[in-house]
1. Just checking, which of 268, 352, 357, 340 is part of a loop (DSSP other than H, G, I, E, B), without any contact (Cβ under 8 Å) to a residue 12 or more places away in the chain and either more than 24 Å from residue 486 (Cα to Cα) or over 26 Å from the mean Cα position of the chain (by Cα) (or both)?
2. Residues of region 407-423 being under 14 Å from residue 460 (Cα atoms), in contact with a helix residue (DSSP H, G or I) (Cβ under 7 Å, 6 or more places away or on another chain) and either surrounded by fewer than 21 Cβ atoms within 10 Å (Cβ to Cβ) or not β-branched (Val, Ile, Thr) (or both), which ones?
3. Among the residues of region 303-330, count how many are crowded, with 18+ Cβ neighbours inside 10 Å and out of contact with any Ser or Thr (no Cβ under 6 Å at 6 or more places or on another chain).
4. Looking at residue 118 and the list (1) in a helix (DSSP H, G or I); (2) surrounded by 14 or more Cβ atoms within 10 Å (Cβ to Cβ), which single condition is not satisfied?
5. Select from region 306-331 the residues that are modelled with pLDDT of 90 or more and assigned to a loop (DSSP other than H, G, I, E, B) and list them in ascending order.
6. Which residue out of 416, 428, 435 is within 16 Å of residue 348 (Cα to Cα) and touching a Phe, Trp or Tyr at 6+ places or on another chain (Cβ under 9 Å)?
7. Just to check your reading of the model, which residue among 198, 145 is within 28 Å of the chain's Cα centre (by Cα) and touching a residue at least 60 places away in the same chain (Cβ under 8 Å)?
8. What single numbered condition from (1) touching a helix residue (DSSP H, G or I) at 6+ places or on another chain (Cβ under 7 Å); (2) under 11 Å from residue 257 (Cα atoms); (3) without any contact (Cβ under 8 Å) to a residue 40 or more places away in the chain fails to hold for residue 304?
Amino acid sequence: MQNNAVSMRGVTKRFGEVVANHDVSLDIREGEILALLGENGSGKTTIMNMLSGIYYPDAGQIFVRGQEESIRSPKDAFRLGIGMVHQHFKLVEVFTAAENILLGMSGNGRFDKKTAATEIAALAQRYGFDLDPQRKIYDMAVSEKQTVEIIKVLYRGADILILDEPTAVLTPQETEKLFKVLRNMRDDGKSIVIITHKLSEVMAISDRVTVLRRGEYIDTLNTKETNPQALADRMVGRALKLNIDRPEPQNPQTRLMVSKLSCRSPEGLRVLDGVSFEARSGEILGIAGVGGSGQRELCEAIAGLYPMESGDIRYLAPDGKDPKGESLRGMSPTAIRALGVSLAFVPEDRLGMGLVGSMGMVENMMLKSYAEGKSFLTDHKPSKNLAEDVRRRLGVVTPDLKTPVQRLSGGNVQKVLLGREIASKPSVLMAAYPVRGLDINSSYMIYSLLNEQKKEGAAVIYVGEDLDVLLELCDRILVLCGGQVSGIVDGRSVTKEEVGLMMTQVKEDRPHDA
């Protein structure tokens, strides 16, 4: 039987009146990969932050290799062989990999860099990492930066590693490569904890899985003795349907035609380069790509919020009177609305661009009416009725309609924003990362709402980061790589691996429509 590398008993952590973890007990065994599974806000990262010395528990005990320990800082954690790799990397871009790995280590700056680089290369080779110690961080892909962070904790002697959502920014190929390395580390006796909410990854990589819900311990199971449905039910506390509907498009017609669209950032960098595609009524067009490939700029350019350098965007009205469509190039959102174009945009920045956080639901509904040229001051009744309808239909949890939306959970904020936008019955609906940070139940409700708009005849553009969802929800998928179209493929027939390859390379021979 495997020994416990870590045992946490009755651990509780509060932040003011919020209880992030309550009486949590769990074990991490030597030579295993443990998945820590739970929805956003379930306390997964908080409990591991206490093990890695970032937070100190308000109650409970932590045992490392059978000895009770007081871990008050990351330095204490490293002394005990515990290292954590966070979602957001902590690297100095102008330093090399080796310099970042050595940064902060004791030695008063007196390191033999050549010897250290040799040791780092040997460590990378031992576990199957691909890393050049002399390469600058700014020259690296996201997966390479993650490798530096992992080797950083290994080089400091960690044999208990915690990885927080390690695959969030990786392609399927990069994810499988990481998993292979993690299995090598496990077989070498390391204890590895992966914090995640992705059920498919839990099944693929872990030996055991511990489920948290609303800050409390629910269960620990052997992965080979469970399944995604059982884990999902434990995560949310009830039976949950995991399938996403994908009705066939009915008589799809072009609503939006983007031709050779190019844009530059304020710094002069080209963020979109010759992007062309069509969005059709009655279908969902997915946008896939590694983070920073131009997804945000593409949506904002269509919405009139980002300046175009060249190219054209044309809107073809449902009445079909103008087969060439109306050009939206250079138009502001107000000018687009004045033209009679029914376009709704759910931006990535919900409280920055989408809603006013200090206002309640009614006032945020009124903003849409005001933007459309209707009286903002004389008649509150339609906005109140709309707020009530959104609250009822989407199950928005709020004390009342006047409560500032910034006080609501992420899922409820997204429901308010999406509900307001679809109430205008748009013919084009763009949603950028609409389920980011949401629990499973809210996410599936959003998918259902997008499908409702599809059935109503809207052209839906969905920007997502979960390839499994994109392949299950979307009719077609446009893949961006470095601001260029790598291809447009059929969501029903393409594989996740094929999309992953397209996310990292542009090929001239790829089809540019499907």
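The values are calculated or read from the model by the stated rules, or taken from the named source; none is laboratory data. Keep in mind it's a predicted model, so treat the numbers as computed, not measured. So basically every Cβ, Gly included, is an ideal-geometry build from the backbone, and we count neighbours across all protein chains shown.
1. Exactly one residue qualifies, and that residue is 268.
2. Within region 407-423, 418 is the sole residue that qualifies.
3. Just the residues of region 303-330 that are crowded, with 18+ Cβ neighbours inside 10 Å, to begin with: 303-304, 308, 311, 313-316, 328.
If we keep only those that are out of contact with any Ser or Thr (no Cβ under 6 Å at 6 or more places or on another chain) too, we end up with 303, 308, 313, 315, 328.
Adding up the residues that qualify gives 5.
4. It fails just one condition, (2).
5. Correct list: 306, 307, 308, 309, 316, 328, 329, 331.
6. Values: 416 fails: touching a Phe, Trp or Tyr at 6+ places or on another chain (Cβ under 9 Å); 428 fails: within 16 Å of residue 348 (Cα to Cα).
Only one candidate qualifies: 435.
7. Selected residue: 198, the only one of 198, 145 that is within 28 Å of the chain's Cα centre (by Cα) and touching a residue at least 60 places away in the same chain (Cβ under 8 Å).
8. (2)
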